[in-house]
Amino acid sequence: MDDIKQVFTYVQVPIIGMYTYPVNDKIEVYGEAGFFMSALFGVTVDGEKSQVVYSGTESISRKYREEYKGFDAGVVFGAGGKMPIPNTKLKGYLNLRYSFGLMGIGDYSAKTPDNITEESLSDIKTGAFSVMVGVTYPIN
């Protein structure tokens with residue numbers, strides 16, 4: 001079977017609680033957990049946004065985005081650390097985070113090909129692993 005590359009473009013808004021633990025007077029580690037809401041902006045399959053599907057003598061333009069719900073919600077958790085950058089007011093940080101959707105994102109429509117069932121689309125859930133590296137600067 002050929003590999004298919006699907007890319008989902010979401011904008012995610014997390015609502016997260018964080019607990020920080022100071023390791024010493026300079027280094028802090030933290031854990032975080034919460035919820036997220038996200039909006040789907042686009043779907044591509046092997047770089048294409050749509051496909052022409054032939055049904056007998058009729059052709060139908062199938063947009064991949066139409067087969068997925070525009071909203072998702074789920075749970076997010078992660079951990080990270082902060083430490084000062086020597087001889088500056090800057091702090092560097094590293095954050096590792098995983099989020100997983102609690103809702104099925106598939107959306108069956110009349111344009112969905114016959115070989116894809118409504119049940120298989122409703123079983124699709126999101127999951128994302130993020131790594132963030134950054135620098136903070138105090139405002140005060």
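The values are calculated or read from the model by the stated rules, or taken from the named source; none is laboratory data. Because the structure is a prediction, the values reported are computed rather than measured. Backbone-built Cβ (ideal geometry, glycine too); neighbour counts: all protein chains shown.
Kindly list the number of the only condition in (1) part of a strand (DSSP E or B); (2) modelled with pLDDT under 95 that fails for Glu32. Looking at each condition in turn, Glu32 falls short on (2). Here Pro14 clears all of (1) in contact with a Gly (Cβ under 7 Å, 6 or more places away or on another chain); (2) not in a strand (DSSP E or B); (3) not small (Gly, Ala, Ser) except the condition numbered (2). Could you tell me which residue of the range 21-42 is surrounded by the most Cβ atoms within 10 Å (Cβ to Cβ), considering only residues that are out of contact with any Ser or Thr (no Cβ under 8 Å at 6 or more places or on another chain), touching a residue at least 40 places away in the same chain (Cβ under 8 Å) and of a type outside the set (A, V, I, L, M)? This residue is Glu32.
Of all residues in the range 47-89, those being touching a residue at least 40 places away in the same chain (Cβ under 8 Å), among the acidic types (Asp, Glu) and more than 20 Å from Asp107 (Cα to Cα) number 0.
Return the only residue of Ile15, Ile4 being surrounded by fewer than 11 Cβ atoms within 10 Å (Cβ to Cβ), of a type outside the set (Phe, Trp, Tyr), closer than 24 Å to Lys125 by Cβ and without any contact (Cβ under 8 Å) to a residue 24 or more places away in the chain. Spell out how you get there, then give the answer.
Numbers: Ile4 fails: without any contact (Cβ under 8 Å) to a residue 24 or more places away in the chain.
Going through Ile15, Ile4 in turn, the sole match is Ile15.
Looking only at the range 46-65, residues that are surrounded by fewer than 15 Cβ atoms within 10 Å (Cβ to Cβ) and in contact with a strand residue (DSSP E or B) (Cβ under 9 Å, 6 or more places away or on another chain) come to 11 in all.
What's the total number of residues in the range 17-29 that are more than 27 Å from the chain's Cα centre (by Cα) and in a strand (DSSP E or B)? If you could, list the steps in order and put the result at the bottom.
From the range 17-29, those more than 27 Å from the chain's Cα centre (by Cα) are 21-27; that's our starting set.
Next, only the ones that are in a strand (DSSP E or B) stay: 21-22.
The total comes to 2.
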